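Notes follow once the structure below has been shown.
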Amino acid sequence: MATGQQPCIYTQRLILRRVRPTDVPALLPISFFEGRRAETLAEAQAMRRRIYAEEVATGRGLHWALALRATGQVLGSAGFYRGFADGRGEIGYVLLPAFQGHGYATEAAVAMTTFGFNRLGLREVFAQTDPDNAASVAVLHRAGFAEDAEAQRADARLFRWMPPHGVPQRH
């Protein structure tokens, strides 16, 4: 995939697509970049611009809005973060509270993981979550990730998905 491309991914219920400026007001409550939460709409818009200029355009990351296929309503965001060193990619996701608990994060995690193996040629996809975030831990387990007990930190639990024979066979 060429640097700077941001393809859409379609799942049964979701479209993973580029975050548009018009999406930012809805995503403001869950807008984070480099560990910092946006406090204002202007900060969230600036974060979106930086993500696409510094991460997506340079090939160091991908960032999608999660939208419902049926209505187009934006319910969260997700992506690959912090580069693709050694054929590895880190996924992350965040949903607006009204959309949590409906399987959307799991659906997005599976779609991104499959995309990472099939389109990006990754050999491993991983994710980190807060040790106390039971919902995210459950998402990762349902998406086929296994916890890496040897790589744990006090502030994060690490999960990996490595296909035994090539790419994951799930949709």
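The values are calculated or read from the model by the stated rules, or taken from the named source; none is laboratory data. Computed from a predicted model, the values in this text were never measured in an experiment. Neighbour counts run over all protein chains shown; Cβ positions are idealised from the backbone, glycine included. Ligands, DNA and RNA are stripped out before the accessible areas are found, and what is left, the full protein with its side chains, is counted by its heavy atoms. Shrake-Rupley method; radii C 1.70, N 1.55, O 1.52, S 1.80 Å.
Contact order for the chain, expressed relative to its length and based on alpha carbon pairs under 8 Å spaced 6+ residues apart, stands at 18 percent.
Extension gain, residue 148 to residue 69, is 25.1 nm, computed as 0.36 nm per intervening residue step minus the present C-alpha separation.
Among residues other than residue 44 whose Cβ falls under 15 Å from its Cβ, what is the net charge (Lys/Arg +1, Asp/Glu -1)? So the environment of residue 44 carries a net charge of +2. Taking other residues whose beta carbon is less than 12 angstrom from the beta carbon of residue 156, and scoring Lys, Arg as +1 and Asp, Glu as -1, yields -4. For segment 36-137, averaging the sequence separation of C-alpha pairs within contact (under 8 Å, six or more residues apart) and dividing by the residue count gives a relative contact order of 18 percent.
Per-residue ellipticity at 222 nm computed for the chain from its helices equals -6500 deg cm²/dmol, with DSSP H segments shorter than 4 residues left out and the rest contributing -39,500 (n - 2.57).
Estimated at 0.36 nm per residue, the fully extended path between residue 60 and residue 8 surpasses their Cα-Cα distance by 17.0 nm. Surface composition of the chain: carbon and sulfur make up 53 percent of the accessible area, probe 1.4 Å. Using the 1.4 Å probe convention, the accessible area of the chain works out to 52 Å² per residue with neighbouring protein chains retained. If the chain linking residue 39 and residue 160 were pulled fully straight, counting 0.36 nm for each residue of separation and taking away their Cα-Cα distance, it would gain 40.4 nm. Charge tally around residue 147: other residues with Cβ under 9 Å, Lys/Arg +1 each, Asp/Glu -1 each, net +1. Between the helical axis of 41-50 and the longest alpha-carbon principal axis of the chain there is an angle of about 50 degrees. Using the average count of surrounding beta-carbon atoms within 10 Å as a protection proxy, the listed peptides 147-157, 6-16 rank, highest first, as 6-16, 147-157.
Rounded is the label for the chain. Its Cα gyration tensor axes, ordered a ≥ b ≥ c, give a/c under 1.5.
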